[in-house]
1. Given 71, 95, which one is without any contact (Cβ under 8 Å) to a residue 12 or more places away in the chain and not assigned by TED's automatic domain parsing to the domain that holds residue 201?
2. Of everything in segment 179-212 that's assigned to a helix (DSSP H, G or I) and in contact (Cβ under 8 Å) with a residue 60 or more places away in the chain, which residue is farthest from residue 3 (Cα to Cα)?
3. Given the options 134, 84, name the one that is touching a strand residue (DSSP E or B) at 6+ places or on another chain (Cβ under 8 Å), farther than 26 Å from residue 215 by Cβ and part of a loop (DSSP other than H, G, I, E, B).
4. Output the number of the condition that residue 72 fails; it satisfies all remaining conditions of (1) of a type in the set (A, V, I, L, M, F, W, C); (2) over 26 Å from residue 38 (Cβ atoms); (3) in contact with a strand residue (DSSP E or B) (Cβ under 9 Å, 6 or more places away or on another chain).
5. Of the residues 209, 186, 145, only one is in the same structural domain as residue 244 (by TED's automatic domain parsing), under 17 Å from residue 120 (Cβ atoms) and either hydroxyl-bearing (Ser, Thr, Tyr) or touching a helix residue (DSSP H, G or I) at 6+ places or on another chain (Cβ under 9 Å) (or both); which?
6. Condition check: surrounded by fewer than 23 Cβ atoms within 10 Å (Cβ to Cβ) and at pLDDT below 95. Does residue 89 satisfy that?
7. When you go through 47, 31, 60 one by one, which is the residue that is surrounded by 22 or more Cβ atoms within 10 Å (Cβ to Cβ) and either in contact with a helix residue (DSSP H, G or I) (Cβ under 8 Å, 6 or more places away or on another chain) or under 28 Å from residue 184 (Cβ atoms) (or both)?
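The values are calculated or read from the model by the stated rules, or taken from the named source; none is laboratory data. Keep in mind it's a predicted model, so treat the numbers as computed, not measured. Because the Cβ atoms are built from the backbone with ideal geometry, glycine has one as well, and the counts that use them run over all protein chains shown.
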Amino acid sequence: MSELLDLLNARIGVICAVGAGGKKTTLYHLAQTHRGRVGITSTVPIAHFPKQLNAEVVIAGPDELATAAVEAAGRHRLVAFALPDVRKERFGGVEPALIVKIGQAAGFDLLLVKCDGARMRWIKAPQEGEPVFPDNTTTVIPIVSARAIGEPLTETIAHRLAQVEAVTHARYGEPVTPEHIARLLSDERGALKDVRDATVVPVINMVDSKEREARAVEAAEYALGLSDRFDRIVLTSHLSSGRLVATVTR
């Protein structure tokens with residue numbers, strides 16, 4: 001379904017995903033849906049690229065990666081590139097300057113970049129040094145999971161728990177509310193950290209039921225009232241073949 005490419009401002013440019021609850025899934029969907037030349041990588045360690053992505057995977061050290069990735073881009077529509085493993089089943093992240101160099105030399109129509117980690121949690125707020133964006137980022141997609149709403153705020157669902165508490169004003173153990181999610185999406189210490197002048201399109205993912213959709217819509221409406229940094233929030237479910245659930249606008 002190509003509609004998400006337009007809603008997420010992901011037809012062209014350097015698209016960066018941050019947050020928790022579906023970064024890789026969202027980026028991989030965009031990569032597979034786009035019909036042009038696409039690159040996909042990460043500035044932080046990333047799980048091995050899945051076979052279902054159907055990408056040409058290029059893994060090399062920093063001195064060889066640019067040449068290898070550009071050469072692969074001349075032969076394949078979709079190229080996934082990273083540094084060798086830094087730990088078990090985790091490729092190394094690529095320095096932003098090298099990503100810029102590769103993207104320009106390869107001539108990608110779309111370059112998709114994962115820019116922080118969340119250890120499989122559903123929400124997160126960045127700590128010092130996060131996220132790590134390429135300088136030519138055009139769109140930032142902050143992601144949160146609708147599954148977090150109604151769950152107790154603990155390490156089970158939240159990465160960088162202390163930062164999440166500070167940004168959302170939620171207390172440890174209390175249920176996460178739509179208002180908490182809205183604060184996370186709209187705060188410059190949260191989803192908007194270091195975004196600079198890029199276009200921002202937040203995503204609330206895992207909207208897998210009508211109940212979650214109602215809570216996600218409430219969170220989105222509240223967030224739109226807290227910030228003028230974005231004009232829409234996209235609700236998605238990767239359990240659905242179409243992915244798109246709804247779009248909430250002003």
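1. Numbers: 95 fails: without any contact (Cβ under 8 Å) to a residue 12 or more places away in the chain.
Only one candidate qualifies: 71.
2. Residues of segment 179-212 that are assigned to a helix (DSSP H, G or I), as a first pass: 179-186, 210-212.
Of the ones still in play, those that are also in contact (Cβ under 8 Å) with a residue 60 or more places away in the chain are 184, 212.
Details: 184: 26, 212: 22 Å.
Filtering first and then ranking leaves 184.
3. Working: 84 fails: part of a loop (DSSP other than H, G, I, E, B).
Step by step, each of 134, 84 is checked, and only 134 is touching a strand residue (DSSP E or B) at 6+ places or on another chain (Cβ under 8 Å), farther than 26 Å from residue 215 by Cβ and part of a loop (DSSP other than H, G, I, E, B).
4. (2)
5. Numbers: 209 fails: under 17 Å from residue 120 (Cβ atoms); 186 fails: under 17 Å from residue 120 (Cβ atoms).
When all the criteria are applied, what remains is 145.
6. Values: surrounded by fewer than 23 Cβ atoms within 10 Å (Cβ to Cβ): yes; at pLDDT below 95: yes.
When the stated conditions are applied, residue 89 passes them.
7. On the way: 47 fails: surrounded by 22 or more Cβ atoms within 10 Å (Cβ to Cβ); 60 fails: surrounded by 22 or more Cβ atoms within 10 Å (Cβ to Cβ).
After ruling out the rest, the residue left standing is 31.
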